[in-house]
Amino acid sequence: MHRVVALVRPVQSTFELGCAVEVFGTVRAEVPQYYEFDVCAESAGPVPTTAGYTISVERDLSALATADTVLIPGWAPVAEPLPAPVRRALLAAHARGARLVTICSGVFALARTGLLDGRSATTHWARAAQLAAEFPRVRVEPDRLYVDHGDVATSAGAGAVLDLCLHLVRRDHGPAHAALLARHMVMSPHRDGDRSPHPPIDDLDGLLAWAGSRLATPLSVRDMAAHLGVSPRTLARRFADRLGTSPGAWLLARRVAEARTLLEQTDLPVEVIATRVGLTSAVNLRRRFRTRVGTTPGAYRRAARPRRGDR
């Protein structure tokens with residue numbers, strides 16, 4: 001059993017801790033339980049939360065000595081120094097092979113251990129400049145949902161918490177189990193870590209909606225540029241600036257995402273789904289799907305709908 005221990009502190013965010021509990025600590029009758037979840041603090045006792053109530057924490061830092069994953073679900077205020085006992089406990093856990101994972105502002109605590117020096121990391125976009133200024137040896141990537149180096153991982157804010165946690169489940173136990181868990185949580189099984197957490201802005205909003213409604217057509221990057229009345233080069237620059245990707249890569253990702261939805265929610269054959277999302281053939285869909293999702297459409301459907309066979 002993989003032991004996940006969340007290190008909380010006053011004033012603890014209930015949302016960030018709750019997301020970790022949902023993924024690693026909630027027992028579901030139809031989902032195999034591969035994790036054991038616990039909570040600790042620098043000193044055992046009552047810990048106030050952002051919701052106005054207090055949680056009772058029974059474990060102190062000694063709990064980290066047996067953790068396989070140490071979670072830091074936020075660190076507020078972010079300027080708060082890392083207490084020496086906490087720093088020693090985190091470094092000791094890492095040295096014996098535990099994975100250190102931060103949620104949103106928790107990256108500030110991890111950065112103060114020095115373990116992120118020379119590496120990339122992310123956090124909530126509103127804190128990215130502060131993180132970069134305080135820790136110049138950390139390569140801050142504010143447009144990433146999460147960054148996973150294997151031994152350390154960081155996430156952006158809000159919904160990115162669940163994206164990182166499900167990514168870790170996928171890495172630990174495979175895409176089928178992660179998809180099953182996501183289905184029970186009524187979530188999308190997978191969002192790539194390199195997807196921007198910022199909402200698209202300006203006139204790209206209209207273009208994305210327009211293109212998303214025409215996936216079944218032979219839509220091209222040139223068509224998208226023409227819709228905005230710009231050159232393909234200008235469109236590519238706008239995509240890079242706003243979304244951190246290219247128009248072609250976005251269009252392919254959108255087609256694959258729509259295929260995943262149809263696999264989850266319909267009994268349509270793979271050949272029909274390929275046509276509906278504009279990938280023309282089952283062979284092309286299977287190739288693109290395996291490259292981006294890491295599994296086949298049939299295996300994905302079986303994992304997302306475990307009681308029903310592939311059609």
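The values are calculated or read from the model by the stated rules, or taken from the named source; none is laboratory data. Nothing here was measured: the structure is a model prediction, and the numbers come from that model. Please note: Cβ atoms are built from the backbone with ideal geometry, for glycine as well, and neighbour counts cover all protein chains shown.
Across the stretch 104-123, what is the number of residues that are out of contact with any helix residue (DSSP H, G or I) (no Cβ under 9 Å at 6 or more places or on another chain) and either free of Cβ contacts under 8 Å to residues at least 24 places away in the same chain or outside any loop (DSSP other than H, G, I, E, B) (or both)? Spell out the reasoning first.
As a first pass, look at the stretch 104-123 and keep what is out of contact with any helix residue (DSSP H, G or I) (no Cβ under 9 Å at 6 or more places or on another chain): 118-120.
Remaining after also requiring either free of Cβ contacts under 8 Å to residues at least 24 places away in the same chain or outside any loop (DSSP other than H, G, I, E, B) (or both): 118, 120.
Matching residues across the stretch 104-123 total 2.
Suppose the filter is touching a helix residue (DSSP H, G or I) at 6+ places or on another chain (Cβ under 9 Å), of a type outside the set (F, W, Y) and in a helix (DSSP H, G or I); does A128 pass it?
Numbers: touching a helix residue (DSSP H, G or I) at 6+ places or on another chain (Cβ under 9 Å): no; of a type outside the set (F, W, Y): yes; in a helix (DSSP H, G or I): yes.
Taking the combined requirement at face value, the residue does not satisfy it.
Against the condition crowded, with 17+ Cβ neighbours inside 10 Å, part of a helix (DSSP H, G or I), of a type in the set (A, V, I, L, M, F, W, C) and in the same structural domain as G25 (by TED's automatic domain parsing), how does V101 come out, does it pass? Explain how you work it out, then say what you get.
Working: crowded, with 17+ Cβ neighbours inside 10 Å: yes; part of a helix (DSSP H, G or I): no; of a type in the set (A, V, I, L, M, F, W, C): yes; in the same structural domain as G25 (by TED's automatic domain parsing): yes.
So V101 fails the test.
Just need a number here: residues in the stretch 229-263 that are under 30 Å from R302 (Cα atoms) and either over 21 Å from the mean Cα position of the chain (by Cα) or not assigned by TED's automatic domain parsing to the domain that holds N284 (or both).
Going residue by residue through the stretch 229-263, those that are under 30 Å from R302 (Cα atoms) are 248-263.
Subsequent filtering for residues that are either over 21 Å from the mean Cα position of the chain (by Cα) or not assigned by TED's automatic domain parsing to the domain that holds N284 (or both) retains 248, 262-263.
Looking only at that region, the number is 3.
Any residue in the stretch 150-160 that is on the phi < 0 side of the Ramachandran plot and over 19 Å from the mean Cα position of the chain (by Cα)? Break it down into steps so the answer makes sense when it comes.
Going residue by residue through the stretch 150-160, those that are on the phi < 0 side of the Ramachandran plot are 151-157, 159-160.
Within this subset, residues satisfying the condition of being over 19 Å from the mean Cα position of the chain (by Cα) are none.
Checked the stretch 150-160: no residue is on the phi < 0 side of the Ramachandran plot and over 19 Å from the mean Cα position of the chain (by Cα).
If M1 passes every condition in (1) in contact (Cβ under 8 Å) with a residue 40 or more places away in the chain; (2) within 18 Å of D172 (Cα to Cα) but one, which one does it miss?
Failing condition for M1: (1).
Within the stretch 114-135, work out how many residues are over 18 Å from the mean Cα position of the chain (by Cα), among the polar types (S, T, N, Q) and at pLDDT 90 or above.
Number satisfying all stated conditions: 0.
Before we move on, is G278 at pLDDT 90 or above and at positive phi? So that I can check it myself, show each step before the final result.
On the way: at pLDDT 90 or above: yes; at positive phi: yes.
So G278 fits the description; yes.
One line per residue, one yes/no per condition, for (1) aromatic (F, W, Y); (2) closer than 17 Å to G18 by Cβ; (3) assigned to a helix (DSSP H, G or I):
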| residue | (1), (2), (3) |
| --- | --- |
| C40 | no, yes, no |
| W75 | yes, yes, no |
| V86 | no, no, yes |
| L90 | no, no, yes |
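Restricting to the stretch 25-42, name every residue that is modelled with pLDDT of 95 or more, within 18 Å of R171 (Cα to Cα) and surrounded by 17 or more Cβ atoms within 10 Å (Cβ to Cβ).
If the condition is that a residue be modelled with pLDDT of 95 or more, within 18 Å of R171 (Cα to Cα) and surrounded by 17 or more Cβ atoms within 10 Å (Cβ to Cβ), then Y35, F37 are the ones that fit.
Would you mind stating whether C19 is in contact (Cβ under 8 Å) with a residue 60 or more places away in the chain, closer than 17 Å to T102 by Cα and out of contact with any Phe, Trp or Tyr (no Cβ under 9 Å at 6 or more places or on another chain)? Break it down stepwise before answering.
Values: in contact (Cβ under 8 Å) with a residue 60 or more places away in the chain: yes; closer than 17 Å to T102 by Cα: yes; out of contact with any Phe, Trp or Tyr (no Cβ under 9 Å at 6 or more places or on another chain): yes.
Yes; evaluated as a whole, the condition is true for this residue.
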